[in-house]
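The values are calculated or read from the model by the stated rules, or taken from the named source; none is laboratory data. Keep in mind that what you see is a predicted model, and the values were worked out from it rather than measured. Cβ sites come from the backbone with ideal geometry, for glycine too, and all protein chains shown count toward neighbours.
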Amino acid sequence: MLAGCASFDGRGLAPGQSSATDVERVMGAPADKRQVGGETWYFYPRQPYGRAMYVARVAPEGRLVALEQRLTDANVAKIVPNATRAQDVRDLLGPPWTAVQYAGVDRAVWTWWMRRYGDPGLPVELVVQMSPDGVVREVFVLQQGGTMRSSG
């Protein structure tokens, strides 16, 4: 019965050997495909409760280059308030779990559910706020229980 289910994390795929067709056969249809630096990136969100975002990076000839979990502390640290652009965040982390426009504060707010400090780690919500010019203005990591860390 489980044979028809998509793989949560791409188990069984091999960079340099697996094809784009293999990726979709194993992981299902991607939520988003983006062209980045000559590669096609297939995004597989496992939101909200999986707290993961996998990207399968596929070379122009159709072979898997890498399969990466993008919702990591190291990637969040690359988001610099007042410098990083919304497009860069989207390429880095993939499609947000939620995307809301708040007219009252003139901000677009994207959120992802992730785990700090690896897996199992601490379950948190990552909140990235952008101004109308497409620049990240605030980054918040909200932990369960109401603790908040801001980098903006």
Q) In region 62-89, how many are in contact (Cβ under 8 Å) with a residue 60 or more places away in the chain, closer than 20 Å to Tyr49 by Cβ and among the hydrophobic types (A, V, I, L, M, F, W, C)? A) 1
Q.
For region 16-36, check the following and say yes or no: at least one residue is among the hydroxyl-bearing types (Ser, Thr, Tyr), part of a strand (DSSP E or B), surrounded by 11 or more Cβ atoms within 10 Å (Cβ to Cβ) and under 13 Å from the mean Cα position of the chain (by Cα).
A. no
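Could you list, in sequence order, all residues of region 96-130 that are part of a strand (DSSP E or B), of a type in the set (Gly, Ala, Ser) and either within 14 Å of the chain's Cα centre (by Cα) or under 19 Å from Met53 (Cα atoms) (or both)?
Hit for region 96-130 is Ala99, nothing else.
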Q) Any chance region 40-61 includes a residue that's at positive phi and either exposed (fewer than 13 other Cβ atoms within 10 Å of the Cβ) or modelled with pLDDT of 95 or more (or both)? A) no
